[in-house]
Every structure is written in structure tokens, then in C-alpha cells.
Amino acid sequence: MRTIDRYLLWQFFQVFMICFLSLAGLYIVIDAFSKLDNFLDHAREHGNLAATMARHYGFQSLAFFNRTSGVLALAAAMFTVTWIQRHNEMTALLAAGIPRLRVLRPVLIACVMIAFGAAAAREFILPGIRHELRVDARNLSGELQLDLHSRYDNVTDILLAGSKAVVAGQKITSPSFILPPPLAKYGKQLAAEEAKFVEASGGRPSGYLLSKVKTPAALLSSPSLTLADGSIAVATPQDVPWLEPDQVFVVSRVSFELLASGAEWRDFASLRELATELRNPSTELGPDVRVAVHTRVLQPLLDITLLMLGLPLVVSSGARNPFIAIGYCLTVVTAFFLVSLGAQSLGGTGLISPVLAAWAPLVSFGPIAVGMCDPLRS
């Protein structure tokens, strides 16, 4: 059976790579032609158009794989089974007394490995290259200004706002922070030319270093602004010696990622980062993030459930035509993702609990998948 196992695995991964390269290539061609002017402009300044496009779409291909790995595994498995049924290889193996489940075991194991491999990539690879994955063709150097997503710090009640965000250097141009009444002793608006996010280090908390402060000017020569518990909310040069005369430091645990990326930051954040932000007292995240956490944990099981919905259809029908396999695959994927996206949408708006939103596809299709597995055991 080892020869048959190697043969099936070769067929599976061959189809998997063909499907991935075809879909990813189609996406790259369409996207590259629509943004060719941006690549040409960047190449004039930095040179080597081919290297720029290869780097950009190399990272985008990883994101594409992350989004489509479950569907690609299902398609590859269904095409592999259709292929061996088309050439009567499945019939010959069954006639030799080999159970169907034993024949399909290498394909099933390969799909499970892809599901958990994609989960590992989401946790350990994608978070480390998130900036490259978010780079737009109009911002290949990371130096162009992006829209800033204003957000309150729930500890200090300061509204962190500004004109634009620059990923390179984690800077905010023309920051305009709105101070709450308890801190608005010298003025409600805290404006400067630039703000830079500074990570916590030693005894210094994280926050935003505002340079060339414009208003309120009186704050630069005044004591630091403190909260009711005595902790510093806005540090001034009078109390903090490392600040320059035109700088103030706004203490905040709201990360630059949230301001620069908004709700999109969760797409490439690891589970640990999502859990950390949920526990962060400075940020009040919506139920959509909680849905994302539960969905991330269940994603390998959802991919396996999708596989067990589609594969038995091909096996039980004895389909020999690849176009029939395509039809089955599209039907299963459409139904599964309609339920998944619908439940996540309801959970994200708070109409149902995040736990129910994440588990709904598994609860809905899991029993069906188990019931459909009988043809695999025969």
C-alpha cells in the first residue's frame, strides 16, 4: 500500500499546487494590471520593477493561501478521488479487498496537515510580516500617509486622533488629541506637528511622544496632568527630564496598530495578541474581535468539516467527471460559507453571542458531515 499512498499523495499535492497557482496567478495578474502605474512609479525611485512586484506578491500569496487553504484542500481531495474513480483505480483497489477508508487515508491525512499547518502559519508566520501583508500598491515604501482611525483610551478618556498615520516609524502627522474635562485645565485640544508611538521600556509606560506642541502652549511650562488616582496621563518637560522643551508624552496602551489599521488589525494578529488586546483596559474592542478569537481556534475543525462535507459526495456518487466534482465543490463551499459569514456577521453586530457565532457552522454542518462519512467506511 505504500506505493498507492505515494501515488495518491503525489496526485493530491499536484492538484493542490495547480489550483493554488492558478487562483493566485489569476489574482496577481488582475491586481498587477490594475496597479501597474504604482509599481512603475515606485520602480523609478527605487529601481528593479520585477523584484518589487515579486516581493509584494510573494507576501500577498501567503495571505491568499491563508484565506483559501481549506477550499483548496477540499478541491484537491475531490479531484484526486474523481481521478482514481475515472480510471477505475478505486474499483481495482476495492476488488482487492482494501477498504475505501484505507485507500483515502493519505488524502485525509494530507488535508488535516494542511488545516493545522495553515493554523500554525496564522499564529507564527503572518503576525511577523503583517506590515508587508498590509502594504498597498500605492504605499510600497510604507512612507506614504494612511488614514488614521481615531480611538478613545478608556483609562484616560483621551481621544487619540490626527491627520494621517505613517507605518514607517509608527508616526502620526498633525496629531490632535482631545482631552477630557478633568485634564482640560489648559485647553481641550492637544495639538502638535508629529506624534510617535513609544513602547513601554523599563519604568516608562507606553504612549505617544508629541513633538513641536502647538496647543495648549501653557502645558509645556506646567506640571504634568494626572488622573484621579494620581497617575500621570500627560507628562510635561517640567516633570520629565528626558522630554525636550517642545514635547509632551501622552501615556496610553492603545497600540499604533489599532490607530493605523482599525478593525483590519485582527486579520493578521496572533491569538495571543488578540487575547492581550481584549484584556487591555485602554481598548474597548467590539464583539467582532471575540468572534475572531473563537473562529481562529475552531478554524482547523471548520476546514476538516468542510472536507468531510464534500468528499463523501464524490465517493458515494462514484463521480468520474471532473466537472461534476467542481459542481459538488462549489455547492458545498457556497452553503458552508453562507452560514459561516452569516453567523460571524450576526456575532459581530452583537445579535448573537461570539461563541455561538463561531460554533454555528460546526454545530450546523458537523452532524451532517458525520452522517455523510458512511460511504468512506464501506
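No lab work stands behind these numbers, since they all come straight from the coordinates. As the structure is a prediction and not an experimental result, all values here were calculated from the model. Heads up, the Cβs are rebuilt from the backbone with ideal geometry, glycines too, and the neighbour counts pull from every protein chain shown.
Does segment 156-252 come out rounded, prolate or oblate, given a ≥ b ≥ c as the square roots of the eigenvalues of its C-alpha gyration tensor, rounded meaning a/c under 1.5 and, failing that, prolate meaning a/b above b/c? Taking the square roots of the gyration eigenvalues as a ≥ b ≥ c, segment 156-252 is rounded.
Principal-axis analysis of the Cα atoms of the chain puts helix 322-348 at an angle of about 30° to the longest axis. Restricting attention to the chain, the count of lysine pairs at 8 or more positions apart or across chains with alpha carbons under 23 Å apart stands at 16.
Helices in the chain, meaning DSSP H runs of at least 4 residues, each add -39500 (n - 2.57). Divided by all residues, the mean residue ellipticity at 222 nm is -19000 deg cm²/dmol.
The alpha carbon radius of gyration of segment 286-378, expressed as a multiple of 2.2 N^0.38 Å, is 1.21. Here the Kirkwood formula, the inverse mean of 1/r across different C-alpha pairs, assigns segment 218-260 a hydrodynamic radius of 11.2 Å.
With charges only on Cβ, +1 for K and R and -1 for D and E, what is the dipole size of the chain about its Cα centre, in debye, rounded to 20?
1100
Backbone amide hydrogens, once placed in the peptide plane, bring Ile352 within less than 5 Å of Gly347, excluding anything fewer than 5 places away on its chain.
Kirkwood-based Rg over Rh for segment 58-169 (C-alpha set), two decimals?
Result for segment 58-169 is an Rg/Rh of 1.28.
For the chain, the C-alpha radius of gyration sits at 1.27 times the compact-globule guess of 2.2 N^0.38 Å, with N the residue count.
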